[in-house]
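First the structure, in the form of structure tokens, and then the observations on it.
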Amino acid sequence: MPHFRDVKRTLSLEKREYPIKMQHAYPSVNIGWGAHTMVGNDAKALGMTNALIVTTGLKGTGIIEAIQGVLKHAGVASEVYAKATPNPKDYEVMEGAKVLGAGKFDGVISVGGGSTTDCCKAIKLVHSHDGQDVRSFEGAFKCTKKNKIPHLAINTTSGTGSEVSCFSIINHTDKMYKMALFDPNCTPSKSVNDPLLHQCMSQNLAAYTGMDALTHAVEAIASRLCVQSAYGPGLWAITEIFANLRQSSANRNNAKAIEQMVWAEMAAAYSFNSAGLGIVHSMAHAMGGLYDSPHGLCNAIALVDVCRLNLPACPERFAIMARAAGIDTNGMSDIKAGEKFIDMIQELKDDLGITTKFGDLGLQDKDLDSLSKFAAADICSEGNPMDIGFDNMRAVFKGCM
């Protein structure tokens with residue numbers, strides 16, 4: 001027998017999808033009741049003395065006034081740019097970047113949900129690239145310069161997870177679709193999640209954003225990228241969402257349920273930040289771009305149908321999600337367990353009173369081709385566990401009408 005050193009060996013790499021995974025960084029986060037009262041210290045620690053607050057306005061909540069008061073008490077001046085809208089637009093980003101560049105600001109603070117934080121992220125990128133068109137950042141890793149300015153993200157909704165992610169989703173208003181900007185420079189410098197601020201959400205918004213968080217966890221775990229570190233936080237998020245979303249939506253005074261949804265939405269974001277998403281989000285991006293539809297509601301509409309489509313591609317992962325949701329899967333095949341889990345999602349939707357379809361949001365047959373084209377090309381489609389092309393994307397849209 002020859003010695004091992006005498007055996008000629010060659011290094012070969014078996015062909016496989018995404019052989020190298022990327023684990024993206026998260027910001028430091030303050031979490032808990034009253035955390036917003038510390039944002040003055042947070043801003044000062046980031047070197048801010050004069051901050052531009054980016055927001056949709058949050059009229060009637062008193063949140064912006066409270067944040068400005070806390071900042072002022074800490075010696076941090078602030079001005080408000082309140083022209084961000086749900087499904088933030090490219091021109092809103094460019095206008096915000098001009099406001100930022102024209103003032104003597106040394107920090108940006110987003111106050112609101114995912115739309116506000118996404119808008120602020122994009123404003124920061126444009127500012128750091130000397131006014132470069134926000135559309136040039138569409139796709140992955142398009143930044144060529146580091147951030148010039150720190151970003152404090154104060155989150156007020158329990159869904160998008162934008163306060164801890166490296167994604168920004170912006171409407172391309174000429175082509176009428178949502179662009180995904182994916183870059184480490186999008187990630188906020190510091191984030192705040194105060195359940196007291198989340199409590200200001202309406203019942204419907206709590207339901208929609210909660211379904212968004214559930215979609216993040218489900219799509220991250222099912223993702224063909226197979227980032228295994230995503231499974232822990234994603235599965236925990238699924239457990240907490242099924243245990244608390246009904247109560248959080250139905251009773252906006254249920255402090256325990258509200259707090260658990262804050263933790264769950266953040267855990268789900270930790271999951272998708274590295275594992276990616278799937279075509280539920282691709283479809284929601286297309287609907288949001290063309291009809292300005294609520295993102296969480298669009299995810300809620302498509303989630304069940306897409307899960308049924310994807311189940312055969314990764315039944316073993318649907319089975320572990322079923323167990324996380326509290327289903328006793330003993331004696332069940334993975335497919336059967338997955339079917340039970342998808343039935344639970346439908347039951348949750350029913351209990352939340354979500355009966356809307358894409359047709360109710362304006363989807364018409366004449367738009368199916370363009371929507372399907374944009375969704376199939378969306379960056380999130382790359383993570384979908386089943387191969388998706390134009391034809392089956394169109395079929396899923398049709399089924400959700």
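Structure notes:
- Positive-end extreme of charge dipole, segment 103-224 - chosen from Thr144, Ser202, Val126 (charges on Cβ): Thr144
- Where labels lie 7 Å past Cα in the beta-carbon direction, separation of Tyr91 and Asn253 in nm: 4.4
- Its relative contact order, with pairs defined as Cα atoms under 8 Å and 6+ residues apart, puts the chain at 15 percent.
- If you bin all the Cα-Cα distances of the chain at 10 Å, starting from zero, the percentages per bin are 5, 24, 32, 24, 10, 3, 2, 0, 0.
- Listed pairs Lys89/Lys340; Lys175/Lys398; Lys148/Lys373; Lys72/Lys190 exceeding 27 Å between Cα atoms: Lys89/Lys340; Lys148/Lys373
- Cα gyration tensor shape of segment 303-359, rounded if a/c is under 1.5, else prolate or oblate by comparing a/b with b/c: oblate
- Multiplying the residue separation of Ala243 and Lys104 by 0.36 nm and removing their Cα-Cα distance gives an extension gain of 45.4 nm.
- With the charge dipole of the chain set up from +1 on Lys and Arg Cβ and -1 on Asp and Glu Cβ about the Cα centre, the Cα lying farthest toward the positive end among the listed residues Gly232, Gly389, Ala257 is that of Gly232.
- Prolate/oblate/rounded label for segment 308-401 (Cα gyration tensor, a/c 1.5): oblate
- Under 15 Å, Cβ to Cβ, from Ser271 - net charge with Lys/Arg +1 and Asp/Glu -1: -2
- Shape call, segment 192-299: gyration tensor on alpha carbons, a/c limit 1.5: oblate
- Solvent-accessible area per residue for segment 333-401 (1.4 angstrom probe, square angstrom): 48
- Probe 1.4 Å, accessible area per residue of segment 99-243, Å²: 29
- Helix-only mean residue ellipticity at 222 nm for the chain, each DSSP H run of n ≥ 4 adding -39500 (n - 2.57), per residue, nearest 500: -15000 deg cm²/dmol
- Within the accessible area of segment 188-345 (1.4 Å probe), percent carbon and sulfur: 53
- Residue order by solvent-accessible surface for Lys142, Lys98, Lys59 is Lys59, Lys98, Lys142, largest first, with ligands and nucleic acids left out and a 1.4 Å probe.
The values are calculated or read from the model by the stated rules, or taken from the named source; none is laboratory data. Treat the numbers as computed from the prediction; the structure is a model and nothing was measured. All Cβ positions, even for glycine, are placed from backbone atoms using ideal geometry, and neighbour counts span all protein chains on display. Areas reflect the complete protein model, heavy atoms only, side chains present, ligands, DNA and RNA absent. Shrake-Rupley method; radii C 1.70, N 1.55, O 1.52, S 1.80 Å.
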